[in-house]
1. Which angle from 0 to 90°, rounded to the nearest 10, does the C-alpha axis of helix 137-146 make with the longest principal axis of the chain?
2. How many percent of the accessible area of the chain is carbon or sulfur, using a 1.4 Å probe?
3. Counting only helical runs of four or more DSSP H residues, what would the 222 nm mean residue ellipticity of the chain come to if each run contributes -39,500 (n - 2.57) and the total is spread over all its residues?
4. I'm checking a number: the convex hull volume of the Cα atoms of region 11-71, normalised per residue, in Å³. What is it?
5. With axes computed from alpha carbons, what is the tilt in degrees of helix 152-161 against the longest principal axis of the chain, rounded to the nearest 10 within 0 to 90?
6. Quick one: order THR61, THR7 from most to least accessible surface, probe 1.4 Å.
7. Would you please name the trypsin sites (Lys or Arg not before Pro) within region 91-137 that are DSSP coil residues with at most 11 other C-beta atoms within 10 Å of their C-beta?
8. On average, how much accessible surface per residue is there in region 9-132, in Å², for a 1.4 Å probe, leaving out ligands, DNA and RNA?
Amino acid sequence: MLKVGLTGGIGSGKSTASRYFESLGAFVLDADEEAKKLITTNETVQHELISEFGTDIIDGTGRVDKKKLARVAFQDEDHQQRLNSVVHPYIFDLIDKKFNRVLNDKKHGVFIVDAALIYETGFDAHLDYVIVVTAHLKNRMERALGRETLSREEILKRVEFQWPEEEKVNMADFVVHNDGTETELQKNIESLIKKLT
């Protein structure tokens, strides 16, 4: 079973690509979603985050508030690295365990790790291939704003903390350009999974 990374900047269409891979029989692990779950459910992670960032990130019940944590963690690169140094070891461990379980099930030919920071964390060294989903910044911005979860400033700040798109595209094993329709994206993913299996 191939272990493949799927990454792309905010609004690139990575999550939509991920869904197409899943519908075509790949096993998809959403690392960013797993990180959010860890932050809210794992007490050890919560304690480590509170000792790293202080009580500004907790809610009225003494648990980590994801919105407060995001405000603190995304204020600059140093804070984001501190967040990643707490959360990533747990995520890497979780990915390994999940991969071994899925491998034993023998139901999937491709195991996809859907994550925003594959290159930034050095996780690409643990993968057979990396796929980068890319789109023009204007299209990414429109899509990200369309979700209505982040302001323009917050989106730009997150873009700033990720490696430049060109750099990721140059390092990628496969590149999916996503400036067209969802149908075009789906066709791209279909031809890509044929190459992988």
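The values are calculated or read from the model by the stated rules, or taken from the named source; none is laboratory data. None of the values given here were measured: they were computed from a predicted structure. So basically every Cβ, Gly included, is an ideal-geometry build from the backbone, and we count neighbours across all protein chains shown. Ligands, DNA and RNA are stripped out before the accessible areas are found, and what is left, the full protein with its side chains, is counted by its heavy atoms. Shrake-Rupley method; radii C 1.70, N 1.55, O 1.52, S 1.80 Å.
1. Around 60 degrees separate the two axes.
2. About 48 percent, which is the carbon plus sulfur part of the accessible surface.
3. When only DSSP H runs of four or more count, the value is -17500 deg cm²/dmol.
4. Hull volume normalised by residue count: 106 Å³.
5. On a 0 to 90 degree scale, this one is about 80.
6. The residues order as THR61, THR7, largest area first.
7. LYS106, LYS107
8. Accessible area per residue: 50 Å².
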